[in-house]
Amino acid sequence: MLKGFFHVPKAVNEPIKSYAPNSPEKAAVLAAYQQMWNSKIDVPIYIGNEEIRTGNTRNMTAPHDHKHIVGTYHLAEKVHVEKAISNALESKTKWANLAWEQRAAIFLKAAELIAGPYRARINAATMIAQSKNIFQAEIDASCELIDFLRYNVEFMTQIYNDQPKSTSDVWNRLEYRPLEGFVYAITPFNFTAIAANLPASAAMMGNVVVWKPSDSQVFSAKIIIDVFKEAGVPDGVINVVFGDAEMITNTVLASRDFAGIHFTGSTHVFKDIWAKIGINIHHYKTYPRIVGETGGKDFIVAHPSANIKQVVTGIVRGAFEFQGQKCSAASRAYVPQSLWKDIKSQLITDVKSMKMGSPEDFGNFITAVIHEGSFDKLARYIDQAKKDTDAEIIVGGNYDKSVGYFIEPTVIVTTNPKYTTMETELFGPVMTIYVYEDAKWSETLKLVDQTSEYALTGAIFSQDRYAIEEATIALQNASGNLYINDKPTGAVVGMQPFGGARASGTNDKAGSALNLMRWISPRTIKETFVVPEDYRYPFLGE
Ligand code: NAD
């Protein structure tokens, strides 16, 4: 162990590059895109120091061109999942005992690798695998991931520095141990940064991990694995398995050493996993940590005092960036009658001006949705809205999956505030608007609060301070992240810790010390210097 109280570099947010015409970053990312698009990779599962090719493979394709194959990946069987668990556990002692500054160095190095030599590749992979336009890829796969790594290192040291009081004769110490066992990370398709952060944050705190990425994100997960390897994450610390999510999860949850789950994905999957953990509870060595960030039905509510252009921009960016596939995406809006005519006409103009197509063409704001299942579900809801008398599609409503899974950005206006698309998470470019009477502002806030089971993000638009205060109080439990005069998406690590309550998750705030605390089990150490040698207290002297 080295001697010294080391300071880590002050975390700073990674600046977003512009990708303007003729910029070097634009040329670099397009070159990486072309190179990856025109080659085929073969992704094994990673267990300990082994790369295992099971021979049972699936193709990886791009959502915007689903016949184009960019590679294959190998599917794990039960025996591989068991092997991943045993490798993690074998690596545990050495990793947990490694000095914290060595762990910090590994993840700080990973951040710099992404900021520099891997930036074009991780962005290009995210453009191909998840159909993000370059701006969406940059703010996710590069900037957010770099920020997670840098800030989490800083938060780790803050946690370690948080020590109890002592007296001259008693020294109290808190040792922030990793969990006893291994952590299971299950990640969603929609953020490359989240895919990396869920295993990395637990590993950073000294835990060993079994990581199961989403089937729709393996292509960009491969770059994360390459970065972790080059940064020096030792073999066996993060083991990666792909394949049948239920089989993998059941195998993991059957282990006595299962110590925690770091999940991001849909609500019903998380609830099912929670129930399974409950059933197995008598079997585990320790109470598992259950951390899950899940679905959303995120709102925008505009007060009659709101600025029309700001509301429209909030709706358009909030609902349609990355095709509405952010957990934080606005998908229901409440607009006052007095502003509706102007909001409607500008909204239609803005949405019609958006170009849709491949992310390789930088003129496209909208690209494809992630897969056929999502496309078909969205198309069903759009078709239903075309039939329902209490719904009207005012712009969009077309879709086409002949080449890629393209759904036009669609705005539904409903006269029924409990219409199905006001309540259900669709996870696509569909926004539903309810127009309320200006005089019913307070009742509308109740509606916003009570309409959906979720409570992830929400936005209030108003120029009236009293209205802002009223809404902030009325919507206290309606979201974990509230935005005032801003779109409800785009939380930045270190600035707006992110997470929701109710059915949106355990609200452990990714990108903050609160999350890292879930991956430790503190031990209090009390040391007495002058030790009593007689049991009798002075009061017994009588
Ligand atoms: P998903 O639930 O389909 O998949 C998430 C992960 O769970 C994947 O790795 C998947 O393979 C796995 N999974 C699926 N079924 C499983 C099962 N039966 N048992 C175990 N694992 C299973 O979600 P998705 O489509 O990848 O992501 C979109 C969802 O994630 C949305 O609901 C979105 O709101 C949510 N999300 C939430 C946040 C947040 O911070 N709250 C962030 C991103 C995404």
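The values are calculated or read from the model by the stated rules, or taken from the named source; none is laboratory data. Predicted, not measured: the structure shown is a model, and the values here were computed from it. Here the Cβ positions follow ideal geometry from the backbone for every residue, glycine too, while neighbour counts run over all protein chains shown. The accessibility values were calculated without ligands, DNA or RNA, using every heavy atom of the protein model including side chains. Shrake-Rupley method; radii C 1.70, N 1.55, O 1.52, S 1.80 Å.
Hull surface divided by four, with the convex hull built on the Cα atoms of the range 93-150: how many nm²?
About 4.5 nm², averaged over all directions.
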Give the long-range amide H neighbours of Thr72: residues separated by 5 or more places, or on another chain, with amide H under 5 Å away, using H modelled in the peptide plane at 1.01 Å from N.
Ile41, Asp42, Val43, Met60
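Could you compute how fast the range 157-283 diffuses translationally, taking Rh as the Kirkwood radius over C-alpha pairs and applying Stokes-Einstein at 37 °C with viscosity 0.692 mPa s? Give it in µm² per second. Before the final figure, lay out each step's value.
Working: Rh = 16.1 Å.
This corresponds to a translational diffusion coefficient of 203 µm²/s.
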Quick check on packing: order 380-389, 227-236, 529-538 by the mean number of other C-beta atoms within 10 Å, highest mean leading.
227-236, 380-389, 529-538
Pairwise FRET efficiency - Asn172 versus Asn38, Cβ, R0 = 56 Å, nearest 0.05:
0.40
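Can you work out the FRET efficiency for the pair Thr54 and Glu527, with r the C-beta to C-beta distance and R0 = 51 Å, to the nearest 0.05?
Details: r = 51 Å, r/R0 = 1.01.
It comes to 0.50.
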Alpha carbon centre of the range 248-275 versus the range 354-392: separation in Å?
31
Amide H proximity to Ser214 below 5 Å, modelled H, separation 5+ or other chain, gives Thr187
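Using the scaling law 2.2 N^0.38 Å as the reference, what is the normalised Cα Rg of the range 298-484? Show your work: numbers first, answer last.
Numbers: Rg = 15.8 Å, N = 187, 2.2 N^0.38 = 16.1 Å.
Against the compact-globule rule of thumb, the ratio is 0.98.
How large a share of the accessible area of the chain, in percent, is made up of carbon and sulfur atoms when the probe is 1.4 Å and the other protein chains stay in place? Kindly include the intermediate steps, with their values, before the conclusion.
On the way: 12140 of 22960 Å².
On the chain, the fraction of accessible area on carbon and sulfur atoms equals 53 percent.
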Over 19 Å (Cα to Cα) among Lys309/Lys341; Lys418/Lys440; Lys386/Lys446; Lys377/Lys401 -> Lys386/Lys446
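Once the Cα gyration tensor of the chain is diagonalised, what are the square roots of 5 times its eigenvalues, in whole Å and ordered largest first, as equivalent ellipsoid semi-axes?
On the way: eigenvalues 342, 186, 95 Å².
Those come to 41, 31, 22 Å.
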Under the Debye formula (equal points on every Cα, no solvent term), log10 I(q)/I(0) of the range 1-121 at q = 0.17 Å⁻¹:
-1.11
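Over the range 245-323, what is the relative contact order in whole percent, taking alpha-carbon pairs under 8 Å and six or more residues apart?
Values: 54 pairs, mean separation 25.9, N = 79.
Result for the range 245-323 is 33 percent.
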With a cut-off of 8 Å between alpha carbons and a minimum separation of six or more residues, what is the relative contact order of the range 298-484 in percent?
28
Taking Cα atoms, the helix 267-279 axis meets the longest principal axis of the chain at an angle in degrees (rounded to 10) of 30
Which lysines, if any, have their Cα less than 19 Å from the Cα of Lys222, not counting same-chain residues under 8 positions apart?
Lys40, Lys109, Lys132, Lys212
Reachable aspartates and glutamates from Lys92, Cα under 15 Å, same-chain residues fewer than 8 places away excluded?
Glu180, Asp235, Asp257
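Beta carbons within 10 angstrom, averaged per residue: use that to sort the peptides 450-461, 323-334, highest first. Don't skip to the answer; put the middle values down first.
On the way: 450-461: 24.3, 323-334: 26.8.
So the peptides 450-461, 323-334, ranked by packing, come out 323-334, 450-461.
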Restricting things to alpha carbons, find the Rg to Rh ratio for the range 100-240 using the Kirkwood radius for Rh.
1.06
Straight-line reach from Lys17: which aspartates and glutamates have Cα under 18 Å away, leaving out those fewer than 8 places along the same chain?
Glu25, Glu112, Glu138, Asp140, Glu144, Asp147, Glu321, Glu360, Asp361
Taking amide hydrogens as modeled 1.01 Å from N in the peptide plane, which residues meet the under 5 Å criterion relative to Asp244, leaving out close sequence neighbours?
Ala76
Rounded to 5, the percent of DSSP beta bridges in the range 298-484 classed as antiparallel
20
Relative contact order of the chain: what whole-number percent is it, with Cα pairs under 8 angstrom and at least 6 residues apart?
17
Helix 372-387: inclination vs the chain longest Cα principal axis, degrees, rounded to 10, gives 40
Taking the Cα atoms only, what angle lies between the long axis of helix 24-37 and the longest principal axis of the chain, rounded to 10 degrees?
90
